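Here the structure is laid out as structure tokens; the discussion comes afterwards.
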Amino acid sequence: MKLLMTGGCGFIGSAVVRHLMRRTDHVVINVDKMTYSASEDALEEARGHNRHVLLRSDIADADAMRQTFATHQPDAVMHLAAESHVDRSIDGPAAFVQTNVVGTFTLLEVARHYAATLSPERRAAFRFHHVSTDEVFGSLGPQDAPFTETMPTRTKLNSQNDNGNELRHRQTDRTVKIHTAHNRTHTHLGTHTTPDPAACSPGSAGPYRAVR
Ligand SMILES: NC(=O)c1ccc[n+]([C@@H]2O[C@H](COP(=O)([O-])OP(=O)(O)OC[C@H]3O[C@@H](n4cnc5c(N)ncnc54)[C@H](O)[C@@H]3O)[C@@H](O)[C@H]2O)c1
């Protein structure tokens with residue numbers, strides 16, 4: 001299978017790339033703008049691998065995305081590119097809107113036009129997987145029951161983008177019949193992460209997000 005992955009040089013994306021290179025035969029087209037949170041070191045073992053192609057592109061650049069889909073003909077998209085650090089969403093929200101909202105919208109639009117060009121079999125098998133966040137559920141008080149996956153989402157500042165993106169994905173799924181999926185990821189810990197001071201808040205997993 002050929003996967004078009006966005007944000008594959010970030011903390012979670014690079015772990016997924018390493019996993020895919022070590023444990024599968026899948027080809028990865030890794031689209032990453034290489035922002036401050038990208039790490040080339042995290043991709044050391046994938047560099048030069050014949051199943052890994054790194055493209056330095058912005059997901060909000062529709063022409064570049066159209067060309068990428070047309071050239072590489074992916075079977076599925078794994079969308080992890082994001083502005084992801086809570087503290088930065090408060091100090092500079094514009095980059096969040098540009099990448100997380102405009103970029104995700106652009107990627108979905110290009111994907112649905114691309115899917116329309118596929119054979120019925122390939123189109124039925126095509127998937128768009130969005131890595132979202134558990135923060136779309138909002139915050140729990142000390143007396144609140146745990147969240148469940150069927151609960152309505154209750155957005156807060158740093159998850160507003162993900163919440164809106166999930167709605168757009170669901171609409172795309174229903175109206176133009178691209179299969180989309182989200183997973184609402186909890187905080188991860190591991191190697192190759194970028195410190196996120198906001199993750200030090202009470203109840204958080206700590207100053208560093210996941211690493212493996
Ligand atoms: N890390 C966690 O613990 C955690 C928890 C919950 C949800 N998530 C979600 O998982 C996803 C990935 O998180 P992460 O921790 O790997 O983030 P990260 O900040 O480490 O990596 C993001 C990657 O996206 C790239 N990128 C940013 N803007 C781009 C653009 N416009 N075009 C192309 N690439 C761009 C960056 O260069 C970087 O490589 C995010 O949506 C995040 O909200 C992460």
| query | Going by average Cβ neighbours within 10 Å, how do the peptides 182-191, 77-86, 102-111 rank, with the highest at the top? | reply | 77-86, 102-111, 182-191
| request: Along Cα→Cβ, 7 Å out, is where each label goes; now give me the distance between the ones at Arg123 and Leu189 in nm to one decimal. | output: 4.7 nm
| query | Quick one: which of 65-71, 87-93 comes out on top by average Cβ neighbours within 10 Å, and what's the full order, highest first? | reply | 65-71, 87-93
| task | Report the dimensions of region 1-106 along its three principal axes from the alpha-carbon atoms, largest first, rounded to Å. | result | 40, 28, 17
| task | Treat every Asp and Glu Cβ in region 1-151 as -1 and every Lys and Arg Cβ as +1, leave all other atoms uncharged, and give the resulting dipole magnitude about the Cα centre to the nearest 20 debye. | result | 680 debye
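No value in this document is a laboratory result; all are computed from the given coordinates. These figures come from a predicted structure and were not determined experimentally. When we count neighbours, we look across all protein chains shown, and the Cβ atoms used for this are built from the backbone with ideal geometry, even at glycine.
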